[in-house]
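> One structure is given below, represented as structure tokens, and several questions about it will come after.
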Amino acid sequence: MRHLMSPLDFSVEELDRLFDLANDIEHNMSKYAHACDGRKLATCFYEPSTRTRLSFEAAMLNLGGSVIGFSDAGSSSAAKGESVSDTIRVISCFADICAMRHPKEGAPMVAASRSTIPVINAGDGGHQHPTQTLTDLLTIRSLNGSIDNFTIGLCGDLKFGRTVHSLINALVRYPNIRFIFISPEELKVPDYITDMLKEQNIPYEEVIRLEEIMPRLDFLYMTRVQKERFFNEEDYVRLKDFYILNKEKMKLAKQNMLILHPLPRVNEISVEVDDDPRAAYFKQVQYGVYVRMALILTLLEITV
Ligand code: NCD
């Protein structure tokens with residue numbers, strides 16, 4: 001039985017097969033409509049979510065399966081003091097597969113070690129968010145044709161942003177990707193990530209101003225300042241509007257640069273940018289459903 005804790009749990013070849021399946025789902029949705037008849041997905045969300053939880057639920061419903069779960073730790077037995085290990089043993093009696101989001105780093109991994117059903121990490125604290133990374137990679141592959149030979153700028157909260165950490169981890173396995181990290185000093189990408197890049201001789205730059213590197217980017221991955229991970233409100237207020245991508249700044253970008261964002265957006269992309277053909281963040285949400293459908297089928301070992 002397989003779980004998904006980190007994007008590295010799948011080899012590059014396995015990811016290719018997963019993305020091929022996701023693209024087939026995209027173009028032949030009805031073929032998959034009964035693939036999960038009689039199967040149940042449990043969504044155990046101890047932290048807020050809109051996209052991740054609902055796209056998991058939509059994915060399972062699109063496959064003909066059904067969904068149970070909770071969307072708030074306060075309405076689960078966690079509020080009574082139940083451990084994640086006990087909860088997953090209980091959930092294993094009710095469902096065939098589980099997507100879990102938790103504010104504590106590593107909690108889904110603890111669950112996976114106790115589970116008799118596949119567990120998917122749907123975000124653990126500021127650590128990893130592998131299914132967002134699958135979404136990001138599928139979006140890049142589908143819109144760009146391949147995952148290689150590009151310069152990607154990751155901008156915003158690179159310290160607490162788990163989607164950034166997972167995406168960098170995943171992209172280092174593809175050829176000729178150049179990273180530019182754009183953040184204020186306080187929100188720089190953690191050392192364990194830059195150490196890993198240095199070890200693998202992967203080029204990266206760290207800058208503060210978005211404008212100065214904009215013309216070089218093929219992808220711009222914007223992120224929200226992660227309010228819930230700050231220790232004090234003052235720092236958050238000072239940093240929250242550090243970057244605002246607007247029409248003016250988009251004039252500096254390549255004609256075919258693509259903007260990605262895991263969403264939710266707060267102020268970091270002005271709504272006037274949404275109509276720019278380079279804005280790909282709502283398409284990205286759609287790819288998130290296809291890739292989660294492909295992931296559920298793969299972990300349940302269902303072939304259509
Ligand atoms: C992200 C997350 O939860 O880490 N959201 C998502 O799942 N698409 C990004 C964020 O909350 O900023």
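> Based on what the data block shows, is L61 surrounded by fewer than 20 Cβ atoms within 10 Å (Cβ to Cβ), among the aliphatic types (A, V, I, L, M) and either within 14 Å of the ligand (Cβ to nearest atom) or not in a loop (DSSP other than H, G, I, E, B) (or both)? Please lay out each step first, then the result.
Numbers: surrounded by fewer than 20 Cβ atoms within 10 Å (Cβ to Cβ): yes; among the aliphatic types (A, V, I, L, M): yes; either within 14 Å of the ligand (Cβ to nearest atom) or not in a loop (DSSP other than H, G, I, E, B) (or both): yes.
Answer is yes for this residue.
> Follow-up. Restricting attention to the range 8-38, and to residues there that are more than 24 Å from the chain's Cα centre (by Cα) and in a helix (DSSP H, G or I), which single residue is surrounded by the fewest Cβ atoms within 10 Å (Cβ to Cβ)?
Looking at the filtered set, the residue picked out is S30.
> Are there any pairs, at least 6 apart or on different chains, whose C-beta atoms fall under 7 Å, with the first in the range 134-151 and outside the structural domain of A294 (by TED's automatic domain parsing) and farther than 17 Å from S11 by Cβ and the second within 16 Å of the ligand (Cβ to nearest atom) and hydrophobic (A, V, I, L, M, F, W, C), and if so, which?
That search, which allows pairs on different chains as well, returns T135/V291; D136/L167; D136/L260; T139/L260; T139/A280; L143/A280.
> Just checking, how many residues over the range 280-304 are more than 16 Å from the ligand (Cβ to nearest atom) and either within 20 Å of the chain's Cα centre (by Cα) or surrounded by fewer than 19 Cβ atoms within 10 Å (Cβ to Cβ) (or both)? Walk me through it before giving the result.
Residues of the range 280-304 that are more than 16 Å from the ligand (Cβ to nearest atom), as a first pass: 293-294, 296-304.
Narrowing further to those that are either within 20 Å of the chain's Cα centre (by Cα) or surrounded by fewer than 19 Cβ atoms within 10 Å (Cβ to Cβ) (or both): 293-294, 296-299, 301-304.
Counting residues in the range 280-304 that are more than 16 Å from the ligand (Cβ to nearest atom) and either within 20 Å of the chain's Cα centre (by Cα) or surrounded by fewer than 19 Cβ atoms within 10 Å (Cβ to Cβ) (or both) gives 10.
> Is it the case that D235 is outside any loop (DSSP other than H, G, I, E, B), open to solvent by 30 Å² or more (accessible area, probe 1.4 Å), in contact (Cβ under 8 Å) with a residue 12 or more places away in the chain and not aliphatic (A, V, I, L, M)?
Criteria met by D235.
> Okay, moving on. For the range 137-170, which positions are assigned to a loop (DSSP other than H, G, I, E, B), in contact with a helix residue (DSSP H, G or I) (Cβ under 8 Å, 6 or more places away or on another chain), within 13 Å of the ligand (Cβ to nearest atom) and at negative phi?
Across the range 137-170, the qualifying residues are D157, L158, K159, F160.
> While we're here: State whether one or more residues within the range 183-197 are outside any loop (DSSP other than H, G, I, E, B), at pLDDT 95 or above, among the aromatic types (F, W, Y) and over 25 Å from A253 (Cα atoms).
For the range 183-197, residues outside any loop (DSSP other than H, G, I, E, B), at pLDDT 95 or above, among the aromatic types (F, W, Y) and over 25 Å from A253 (Cα atoms): present.
> A follow-up question, please. Quick check on this structure: which one of L143, L138 is of a type in the set (A, V, I, L, M, F, W, C), in contact with a Phe, Trp or Tyr (Cβ under 7 Å, 6 or more places away or on another chain) and closer than 19 Å to H261 by Cβ?
The match here is L138.
> What number goes with the only condition from (1) of a type outside the set (G, A, S); (2) open to solvent by 10 Å² or more (accessible area, probe 1.4 Å); (3) in a strand (DSSP E or B) that I120 does not pass?
Only one criterion is unmet by I120, namely (2).
The values are calculated or read from the model by the stated rules, or taken from the named source; none is laboratory data. Quick caveat: nothing in here was measured; it's all calculated off a predicted structure. Note that each Cβ is placed from the backbone with ideal geometry, even for glycine, and that neighbours are counted across all protein chains shown. Note: areas computed on protein heavy atoms with side chains; ligands, DNA, RNA excluded. Shrake-Rupley method; radii C 1.70, N 1.55, O 1.52, S 1.80 Å.
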